[in-house]
Amino acid sequence: MTAQSAHSRRLLIALFFIGVATFAQLYSPQGLLPLIATEQEVSADRAALMISTATLGLALGVIPWSYIGDAHGRKKAMIWAISLACFFGILAVLMPVLFVSQGFELTLLMRFIEGFMLGGVPALAVAYLNEEVSPKIAVAAAGTYISGTSLGGLTGRIVAAPVGEQLGWKIGMLTVTLIAVACVVVFLRLAPIAQNFTPRRVRLREIVPALTGNLRSATLWTLYLQGFLTMGGFVAMYNFLGFHLSAPPYSIPLWIVSFVFLAYLAGTWSSPRAGRLAARYSRKPVLIAGNLIMILGVGLTLVPHLAVIILGTVVLTAGFFAAHAVASGWVGAAATAGRAQSASLYNLGYYGGSSIFGYLGGTALNAAGWSGTVLMVLGLAGLATVLAVVVLPRD
C-alpha cells in the first residue's frame with residue numbers, strides 16, 4: 001500500500017464515522033417522540049420540536065461553518081463542531097433532570113445549539129475530501145461518507161427507541177450520544193493531517209454576492225424549493241408515523257415501530273440508481289418520477305392495513321431519496337455564482353423545510369389525525385412536482 005492510498009483509506013474511514021456520529025445524534029429523538037410527548041405532557045407537534053429545533057440549527061449552521069473551515073482548516077473545524085455537538089447533546093438530556101419546570105424548553109434550546117454545531121460536518125466533509133484525495137478516489141469516498149450519514153440516521157432511530165422504551169427517552173438519547181462520542185474518537189485517531197489546505201479568509205462583501213447571485217435563477221429557486229417541500233413532507237411522515245402505529249387500532253410497541261425506520265434503506269438503494277438514470281435520460285424526468293413515487297407511497301399509508309402502510313413507507317422513502325439525489329447534484333451544476341454557496345442554500349432549504357413542516361405535520365395530526373398529516377405531505381409533494389414540471393428546463 002502506498003503512502004497516498006493509506007492516507008486516502010484513513011480519510012475515507014474517518015469520514016464514514018463522523019457521518020454516523022452526526023446524523024445519529026440529529027435524528028435520535030424521532031423514534032422516541034410518543035414517549036417524549038407522554039412524559040413531558042406535550043402535544044405531538046410540540047414533541048416534534050426535538051427534531052425541528054435541531055434541523056433548524058443545522059440549516060443555519062452550514063454556511064457559517066463553511067467559512068470557519070475556509071479560515072482554520074476543515075479537520076480542525078469539524079472536530080470543534082462535532083465535539084461541541086456531543087457536549088450540547090449531553091446537556092439536552094440533562095435539562096429535564098436539572099430544571100424540572102422549564103426542562104423541556106431548555107432541552108429544545110440545547111437541541112438547537114447541538115444542531116448548529118452539527119452543521120459543521122455536512123458543510124466541510126466533502127470539501128475536506130476533495131482537497132485530500134484524487135478526483136477518481138473522491139467519487140467513491142463521497143459515497144462512503146453519504147453511506148455513513150445514512151447509517152447514522154438509521155442507527156439513531158433504531159437504537160434510541162428500544163432503549164428509551166425500557167429505560168426512558170433520556171437514556172435512549174444519551175446512549176446514541178455515547179455511540180457518537182465513540183465515532184468521534186475514531187475520527188480523531190484516523191483523520192489525516194491536511195496536506196493540501198490553504199487558509200482563506202473571506203470578507204463580508206465577497207460572501208453576499210456568492211450567495212445572492214444564485215437567487216437570481218428561477219431554476220435554482222425551484223431546486224431549493226424541491227428540498228424545502230419534499231424534505232419537509234418526508235420528515236413529517238417519519239416524525240408522526242410512530243404516533244399513528246402506536247395508537248389504536250394497531251397499538252404496536254414502540255420498539256417494534258422503530259424497525260419501520262429500516263425503510264430508510266430504500267433510499268440507500270434508490271439514490272445511486274436515480275443518479276445513473278439522470279445521466280442517461282436527463283435530470284428533470286427522473287426528479288419528477290421520484291416525486292410521483294413519493295406521492296404514491298404517501299397515499300398508500302392511508303390504507304388501514306399494516307402491511308400496506310409499511311409498503312407505502314418504503315415506496316415514499318425510495319421516491320424521496322431518488323428526487324433528492326438528482327436535485328442536490330443539479331444545484332451545483334446549475335449554479336450561477338459559487339457552487340459551494342449554491343449547495344449551502346440547498347441545504348438551508350432542505351433542513352429548513354424539515355424544521356417547519358416536521359412541526360406542522362403534528363399540527364395537522366392534532367387537527368385531523370393521520371389523514372391530516374398525509375394530506376399536508378401530499379400537498380407539499382404535489383406543489384414540488386408542479387414547480388418542477390413548469391419551471392425546470394430539460395437539461
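The values are calculated or read from the model by the stated rules, or taken from the named source; none is laboratory data. Computed from a predicted model, the values in this text were never measured in an experiment. Glycine also receives a Cβ, built like all others from the backbone with ideal geometry; neighbour counts cover every protein chain displayed.
Overview of values
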| item | result |
| --- | --- |
| Where a residue in segment 25-54 is under 18 Å from residue 260 (Cβ atoms) and its partner, wherever it lies, is basic (Lys, Arg) and surrounded by 24 or more Cβ atoms within 10 Å (Cβ to Cβ), with Cβ under 8 Å and at least six apart | 27/157; 28/157; 29/111; 30/157; 31/157 |
| Matching entry among 367, 322 (being surrounded by 23 or more Cβ atoms within 10 Å (Cβ to Cβ), in a helix (DSSP H, G or I) and not polar (S, T, N, Q)) | 322 |
| Filtered residue count, segment 277-295, keeping only those that are touching a helix residue (DSSP H, G or I) at 6+ places or on another chain (Cβ under 6 Å) and not charged (D, E, K, R) | 10 |
| Candidate set: segment 251-286, residues that are among the polar types (S, T, N, Q) and either crowded, with 21+ Cβ neighbours inside 10 Å or part of a helix (DSSP H, G or I) (or both); chosen: the one modelled with the lowest pLDDT | 268 |
| Selection from segment 296-312 of residues that are in contact (Cβ under 8 Å) with a residue 60 or more places away in the chain, surrounded by fewer than 24 Cβ atoms within 10 Å (Cβ to Cβ) and in a helix (DSSP H, G or I) | 299, 306, 309 |
| Set 125, 92, 71, 77: member being in contact (Cβ under 8 Å) with a residue 40 or more places away in the chain, within 21 Å of residue 160 (Cα to Cα) and either buried (at least 23 other Cβ atoms within 10 Å of the Cβ) or not charged (D, E, K, R) (or both) | 92 |
| Residue in segment 210-217 that is buried (at least 24 other Cβ atoms within 10 Å of the Cβ), more than 30 Å from residue 37 (Cα to Cα) and within 26 Å of the chain's Cα centre (by Cα) present | yes |
| Checklist (1) surrounded by 23 or more Cβ atoms within 10 Å (Cβ to Cβ); (2) assigned to a loop (DSSP other than H, G, I, E, B) applied to residue 227, failing item | (2) |
| Single unsatisfied condition, residue 393 versus (1) buried (at least 20 other Cβ atoms within 10 Å of the Cβ); (2) within 19 Å of residue 275 (Cα to Cα); (3) at pLDDT 90 or above | (1) |
| Qualifying residue in segment 325-341 (condition: of a type in the set (Gly, Ala, Ser), under 23 Å from residue 219 (Cβ atoms) and free of Cβ contacts under 8 Å to residues at least 40 places away in the same chain) | yes |
| Some residue of segment 239-259 being under 21 Å from residue 384 (Cα atoms) and of a type in the set (Phe, Trp, Tyr) | no |
| In segment 161-174, residue farthest from residue 245 (Cα to Cα) [restricted to those that are at pLDDT 95 or above and within 20 Å of the chain's Cα centre (by Cα)] | 174 |
| Filter pass, residue 127 being within 15 Å of the chain's Cα centre (by Cα), within 25 Å of residue 208 (Cβ to Cβ) and at pLDDT below 85 | no |
